[in-house]
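A.B. asks: Sharing a structure below in structure tokens format, with a few things to ask.
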Amino acid sequence: MASAPTRARGASPDGSRGALARPKLLTPHEYIADATHRIHAAKHRVLITTLTIADDHRTDTLIDALVWASRRGVKVGVAADTFTYADLAGTFLPTGYRTTAWRTSNRLASKLAREGVAFSWLGREKGLPWRGRTHTKFCVVDDVVYAFGGVNLDRKGVENADFMLRIDDSRLADDLEGVYGRIQRMNLHERGHRSLELRYGTDRVLVDGGIPGDSIIYRRALHHARKADRILLMSQYCPTGELGKVIRERDHELWFNPPRNAAPANRALIASSMAWTGYRTQYTDPRYLHAKAIVFFRSNGTRISLTGSHNWVVGGVKLGTREIAMETRDPETVDQVLEFHAREVARTLKG
């Protein structure tokens with residue numbers, strides 16, 4: 001039997017939609033440990049959407065938990081993005097040149113499928129490789145959700161400077177099961193869907209559906225940036241497009257990877273974005289920064305945070321990458337994001 005639903009902040013006794021239950025920010029190691037524990041106790045559903053997944057010593061306990069949950073009769077679904085592993089196979093390279101990571105992950109997919117896990121690859125190898133890319137990351141375990149961060153389920157994902165938010169809220173869990181199903185259906189037909197907004201009081205969950213040029217997350221970031229007096233941004237990349245221009249006009253702090261932190265392709269992307277925008281980063285830690293968050297500060301004391309999978313670059317908007325984010329004004333949630341920034345991102349500036 002599923003655990004009793006958690007009443008949201010501000011919810012009335014008749015069950016009307018109030019704000020989401022308050023999130024708890026988890027680092028990658030905390031996220032893996034917490035999700036593994038809950039998957040072992042799962043009663044009716046486990047759904048994971050991720051960019052990458054691999055079975056190594058950082059994630060093997062979670063993989064084992066998925067297997068045991070499936071054996072107990074729990075509905076377990078896992079979806080990962082094929083572009084990350086295809087290495088442009090079928091488009092610019094013959095399929096025989098698939099990467100070792102792809103072959104390893106495909107063996108993992110086969111293993112999970114044999115155990116009854118509904119595993120699916122999202123996207124396609126042929127044609128424009130970025131079309132239909134799913135950058136969305138979340139995990140639903142019964143009525144608990146892990147989302148609105150950037151953690152991938154592999155070695156690099158766990159070692160990055162990153163986070164996920166855990167939210168114990170049955171309404172959100174149900175809604176994300178709907179998002180999971182929609183991603184699967186659209187992937188099957190190789191189509192995107194219009195951006196989606198789910199409201200819970202003043203909290204908003206924003207879903208980019210994969211249509212080129214349509215990103216509700218980027219639009220909301222631009223909306224708040226235009227009203228902000230000060231902006232703090234964390235991302236693996238330098239902000240670009242109209243958002244980057246608006247940020248320049250405000251007091252701002254930009255924390256993204258210097259080119260030396262990145263692999264060759266990302267290094268070139270970051271370097272070219274910096275050259276184009278003239279931006280410099282305040283991030284100096286050698287650990288790869290993968291967290292994605294913006295906090296908007298207004299002169300009246302209002303603080304709004306946007307956290308999720310979006311990197312605040314216009315390229316993903318134009319290509320129609322699937323993303324997810326949460327917008328909130330809850331002071332305790334914003335505080336957790338700022339505390340993460342001080343502890344994990346700005347730490348090298350201390351002392």
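The values are calculated or read from the model by the stated rules, or taken from the named source; none is laboratory data. Just so it is clear, the structure is predicted and the values come from calculations on it, not from any experiment. Don't worry about glycine lacking a Cβ; one is built from the backbone with ideal geometry, like all the others, and counts go over all protein chains shown.
A.B. asks: How many residues does region 192-218 hold that are of a type in the set (D, E, K, R), in contact (Cβ under 8 Å) with a residue 24 or more places away in the chain and surrounded by fewer than 23 Cβ atoms within 10 Å (Cβ to Cβ)?
C.D. replies: 3
A.B. asks: Quick one: which residue in Thr84, Thr91 is assigned to a helix (DSSP H, G or I), at pLDDT below 60 and in the same structural domain as Ile48 (by TED's automatic domain parsing)?
C.D. replies: Residue meeting the stated conditions: Thr84.
A.B. asks: Ok, one more. What number of residues within region 162-210 are touching a Pro at 6+ places or on another chain (Cβ under 7 Å) and either farther than 21 Å from Ala21 by Cα or of a type in the set (Lys, Arg) (or both)?
C.D. replies: 2
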